[in-house]
Amino acid sequence: ATLDDLLGPIRRWLDVADDTAVAPAEQPTAATASPTGRLDLIEGAGGVLVRLGTDLTVLDLARSLAAPVVVVARAGLGTLSDTELTVRAIDTAGLRCAGIVIGSWPYDPDLAERCNLEDLPRLTGVPVLGRVPAGAGQLDPAEFTRHASGWFAPGALDAVLRPSAAHLP
């Protein structure tokens, strides 16, 4: 796949004029405000350096869309190093990491998971925007949508859309 092969359909999707909601599982970790005022998410499953083509990564796609990036991190052991390396790669690419979302947050987090929640912002320099509870991916789209806003800190989505002076051209 080439960058143009991927960008064309994404840009057409972002330019959709209506506010029709898309199921979270279908929503295409870069985020951008669309002309309709909704928050569009383009998921890059597997990490920012996943290859989408021979010379094309998820990070290249985010750069081409001039989109802030949201990192989805696991809750448990190993996440500090993985997440810090990911945020560094985003920064090195000249992109803005708007924050971290912890996926699959356990109902009863252990000590390591609770410490990670506190340590991630300190080590990466970006805020934890929210925690998606374990099992949320199994909810039907309407129920997922109904509960999703409660998984994020107040104003978290504003942080995604807020430009960062450090990354302005």
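The values are calculated or read from the model by the stated rules, or taken from the named source; none is laboratory data. All values derive from a computational prediction rather than experimental measurement. No Cβ is skipped: glycine too gets one built from the backbone with ideal geometry, and neighbour counts run over all protein chains shown.
Things worth noting here:
- For the stretch 49-144, the helices (runs of 4 or more DSSP H) that sit wholly inside it and include 3 or more residues that are at pLDDT 95 or above are 79-92, 111-124.
- Count of residues meeting criterion [touching a Phe, Trp or Tyr at 6+ places or on another chain (Cβ under 9 Å), surrounded by 14 or more Cβ atoms within 10 Å (Cβ to Cβ) and not hydrophobic (A, V, I, L, M, F, W, C)] in the stretch 116-146: 3
- Exclusive hit being under 15 Å from the mean Cα position of the chain (by Cα), among the hydrophobic types (A, V, I, L, M, F, W, C) and at pLDDT below 95, set 166, 148: 148
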